[in-house]
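One structure is given below, encoded as structure tokens.
The values are calculated or read from the model by the stated rules, or taken from the named source; none is laboratory data. What you see is a predicted model; the values in this text were computed from it and never measured. FYI the Cβ positions are ideal-geometry reconstructions off the backbone, even for glycines, and counts take in every protein chain you see. Note: accessible area is taken over every heavy atom of the protein model, side chains too, but ligands, DNA and RNA are not part of it. Shrake-Rupley method; radii C 1.70, N 1.55, O 1.52, S 1.80 Å.
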Amino acid sequence: MKKITFIKLTLDSVMALTLVLLFNKRVLGGLTFHELAGLAISFAFLTHILLNLQWVKKVTLRIMDRNLPGITRFGYLLNVLLLVTMTFIIVSGILISEVVFRGIHLGEERWFKMAHISISYFVLVLIGVHVGMHWQWVIQVRAGYFPRDFGEKPGLLRLRSRLQPLLHSASMKCTRRIT
């Protein structure tokens, strides 16, 4: 595997973990962690875009091409929506900051904080769709870095594969008795 692929997977994993932790302002030091991790994830988000800039350029140039697959168009639209919503979350987070940027008092309106929170939940859904669209890549990369059995057959699948012949033969016996 390429080093850049490993960097992308590591960055994406750290971003996912950080994002989950950001949804609880009482975790790991409270609001201070929330604001610092929010800033960190904004730099990670920018890095993620820069690491995938070739795809962005390529698709942007072909977005009106009728031969561009629909799933690619959907992914592009999803990424633009993620860019807009993440930008709002980052900017609104800075404006409502109570710790890191406490001198800025532009976002003290209640609706502004509610918009920050609501759009954050919307982004969580968008990221779920984004990860789902790239899940096959995640599995392939992970399988390349970890032992074969670790990535391919987790415990329940391994158990199912061992029980399946038994269940199949039992169902065949039951079917023979019924007919």
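Taking the options Leu28, Leu68, name whichever one is more than 18 Å from Gly128 (Cβ to Cβ), open to solvent by less than 60 Å² (accessible area, probe 1.4 Å) and part of a loop (DSSP other than H, G, I, E, B).
Leu68
I'm checking my understanding of the structure. Among residues of the range 104-147 that are farther than 30 Å from Ile71 by Cα and open to solvent by 80 Å² or more (accessible area, probe 1.4 Å), which one is modelled with the lowest pLDDT?
Only one residue tops the list, namely Pro147.
Can you tell me which residues in the range 82-100 are over 15 Å from Ser42 (Cα atoms) and either hydroxyl-bearing (Ser, Thr, Tyr) or in contact (Cβ under 8 Å) with a residue 24 or more places away in the chain (or both)?
Scanning the range 82-100 gives Glu98, Val99.
Filter the range 2-24 down to the residues that are without any contact (Cβ under 8 Å) to a residue 24 or more places away in the chain and surrounded by 13 or more Cβ atoms within 10 Å (Cβ to Cβ) and list them by number.
The answer is Leu21, and nothing else.
Tell me which of these Leu61 doesn't satisfy, since it passes every other one: (1) in contact with a His (Cβ under 7 Å, 6 or more places away or on another chain); (2) of a type in the set (A, V, I, L, M, F, W, C); (3) over 27 Å from Ile139 (Cβ atoms).
Answer for Leu61: the failing condition is (1).
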